[in-house]
Amino acid sequence: RVYCLRGSFPTAPSYTTIMSRPSHEVHLAIYDLSNGMARSLSAQFLGPQHVIDVLPHTALVVFGKEYFFGRGIEWCHPQEFRASRGIHPIEIQLLGHTTKTAAEFEEWCRLQAQNGRFGMESYDLLSRNCNNFSHDAALEGLRLGR
């Protein structure tokens, strides 16, 4: 790699890589928190024309870790997440590739927790949940689609 130095010492310099940075696949793991019960129960209570297929939980899988939002932003090995909760994805979708590093993305996550956007107290079932985190983290934190 070849780097260009910008800025002056003693402050921390920022580097811009001239050669391309490594790319990492980003996947969206989709879970059904109802384990299949949403479909049958919603048909019973709401009628067949208002069936709810799943109660979705989503997480991003990148850098060999699964990133999710519940009691704040958390991450761990995907198998650890699945085993500890007894659930497995019903679908895993490739969202794209990122040139962000794990350290850069985890710093973005820390900032979101610190500013309260995705902090431990900010979870809201309808407006700030795991699905909102997956969306914002993919677009802003990992810069997909740019």
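Considering each of Leu33, Leu46, Leu55 in turn, give the residue that is farther than 15 Å from Leu95 by Cβ, of a type in the set (A, V, I, L, M), open to solvent by 30 Å² or more (accessible area, probe 1.4 Å) and touching a residue at least 40 places away in the same chain (Cβ under 8 Å).
Details: Leu46 fails: touching a residue at least 40 places away in the same chain (Cβ under 8 Å); Leu55 fails: touching a residue at least 40 places away in the same chain (Cβ under 8 Å).
The unique qualifying residue is Leu33.
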Fill in: Members of segment 86-100 found to be over 14 Å from the mean Cα position of the chain (by Cα) and open to solvent by 50 Å² or more (accessible area, probe 1.4 Å), listed by number
Gly86, His88, Ile90, Glu91, Thr99
Worksheet item: Among the strands (runs of 3 or more DSSP E) confined wholly to segment 1-92, which include 2 or more residues that are at pLDDT below 95 and among the hydrophobic types (A, V, I, L, M, F, W, C)?
Response: 3-6
Worksheet item: Can you find a residue in segment 130-143 that is more than 16 Å from the chain's Cα centre (by Cα) and part of a helix (DSSP H, G or I)?
Response: no
Worksheet item: For segment 59-85, which residues satisfy the criterion of being among the acidic types (Asp, Glu) and more than 17 Å from Gly141 (Cβ to Cβ)?
Response: Glu80
Worksheet item: Of the residues Phe63, Phe105, Phe69, which is of a type in the set (A, V, I, L, M, F, W, C), at positive phi and surrounded by 15 or more Cβ atoms within 10 Å (Cβ to Cβ)?
Response: Phe63
Worksheet item: Does any residue of segment 41-54 turn out to be over 16 Å from the mean Cα position of the chain (by Cα) and acidic (Asp, Glu)?
Response: yes
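Which one is farthest from the chain's Cα centre (by Cα), of the residues in segment 108-121 that are assigned to a helix (DSSP H, G or I) and loosely packed, with under 14 Cβ neighbours inside 10 Å? Give the steps one after another, and end with the answer.
Going through segment 108-121, the residues assigned to a helix (DSSP H, G or I) turn out to be 108-114.
Subsequent filtering for residues that are loosely packed, with under 14 Cβ neighbours inside 10 Å retains 110-111, 114.
Numbers: Arg110: 13, Leu111: 14, Gln114: 17 Å.
Step by step, filter segment 108-121, then rank; the result is Gln114.
The values are calculated or read from the model by the stated rules, or taken from the named source; none is laboratory data. Since the structure is predicted, the reported quantities are computational estimates derived from the model, not experimental observations. Cβ coordinates were reconstructed from backbone atoms using ideal geometry, including for glycine residues, and neighbour counts include every protein chain displayed. Only protein heavy atoms, including side chains, enter the accessible area calculation; ligands, DNA and RNA are left aside. Shrake-Rupley method; radii C 1.70, N 1.55, O 1.52, S 1.80 Å.
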